[in-house]
Amino acid sequence: MKFRRKAQSDPLEDDGAVDEAPEGAGDPVPGGPYDSEELPDGEGVERVDLGSLLVAPEPERELRLQVDEASGAVQSVVLAGPDGALEVRAFAAPRHGDLWSDVRPQIAAEVAQAGGTATEREGPWGAELICRVGQRSGGQQTTRVLGINGPRWMLRCSLLGAAAERPDEATGWEDTIRRLAVHRGSHAMPVGESLPVVMPPQARRVEQNGR
């Protein structure tokens with residue numbers, strides 16, 4: 001899914017347009033996730049280079065890439081563990097904009113259209129969503145969706161499992177998010193365009209049709 005801004009015009013984010021946004025929106029995020037140009041000195045963390053995403057390996061968590069079978073394009077990065085999973089995607093955003101405030105109601109509307117509920121709560125990075133959608137098996141899937149505005153990018157993080165069901169006990173997964181870094185690059189892109197992910201040889205390939 002490609003996120004689009006509400007504005008009727010949809011210019012490239014580097015076209016010099018002035019975005020009206022809360023003060024500080026799009027600035028480097030204190031404590032992470034980081035912009036690739038703002039990594040702390042001497043932290044000693046080696047990250048897997050996936051192009052637009054730099055991911056720190058995690059003990060007992062498997063790094064996977066979700067790939068569209070038809071196009072072969074990598075759609076998202078997943079860290080899977082025994083208690084749940086974290087899916088991350090990065091998108092081009094305005095230089096000083098707040099793309100997450102535009103995207104959040106879109107996600108809530110899609111969940112409602114699927115017959116589910118999306119409840120907003122305050123999390124470590126501001127407003128986030130707890131989405132619940134019924135499954136054919138009769139159960140319910142809970143997803144905790146976070147959006148983090150960075151300098152010219154937005155990171156969308158979707159947590160499944162214990163981190164979604166019990167968000168107040170999810171500090172370990174939140175620390176994983178803090179260790180992520182986004183490499184935006186200098187080229188102009190339409191606002192809401194997904195930043196490309198590159199598959200390294202050691203990554204596991206997970207095919208997903210139509211997603």
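Computed from the Cβ-Cβ distance with R0 of 30 Å, the FRET efficiency linking GLN141 to SER101 stands at 0.75. Taking label positions 7 Å along the Cα-Cβ direction at both GLU62 and GLU37, the computed distance is 3.7 nm, reported to one decimal. Starting from the amide H of SER76, placed 1.01 Å from N in the peptide plane, find each other amide H under 5 Å away whose residue is 5 or more places distant or on another chain. The answer is GLN66. Suppose each label sits 7 Å from its Cα in the direction of the beta carbon; what would the ALA73-GLU193 distance come out to in nanometres? Output for this residue pair reads 1.1 nm. With neighbour counts taken as other beta-carbon atoms within 10 Å, the residues VAL198, VAL78, VAL145 rank, fewest first, as VAL198, VAL78, VAL145.
Want the number for ASP49 to ALA112: 0.36 nm per residue separation, take away the alpha-carbon distance, what's left?
19.1 nm
Neighbour counts of other Cβ atoms within 10 Å put ARG121, ARG104 in the fewest-to-most order ARG121, ARG104.
Starting from the amide H of GLY51, placed 1.01 Å from N in the peptide plane, find each other amide H under 5 Å away whose residue is 5 or more places distant or on another chain. Counting only residues 5 or more places away or on other chains, the set is VAL198. Between amide H atoms placed 1.01 Å from N, distances below 5 Å from LEU180 occur with TYR34, all of them 5 or more places distant or on a separate chain. Counting every other Cβ atom within 10 Å of each residue's Cβ, HIS187, HIS96 order from fewest to most as HIS187, HIS96.
Read-outs throughout are calculated quantities, based only on the coordinates presented, and are distinct from any laboratory measurement. On a predicted model such as this, the values are computed, not experimentally measured, just so you know. Note: ideal-geometry Cβ built from the backbone for every residue, glycine included; neighbour counts use all protein chains shown.
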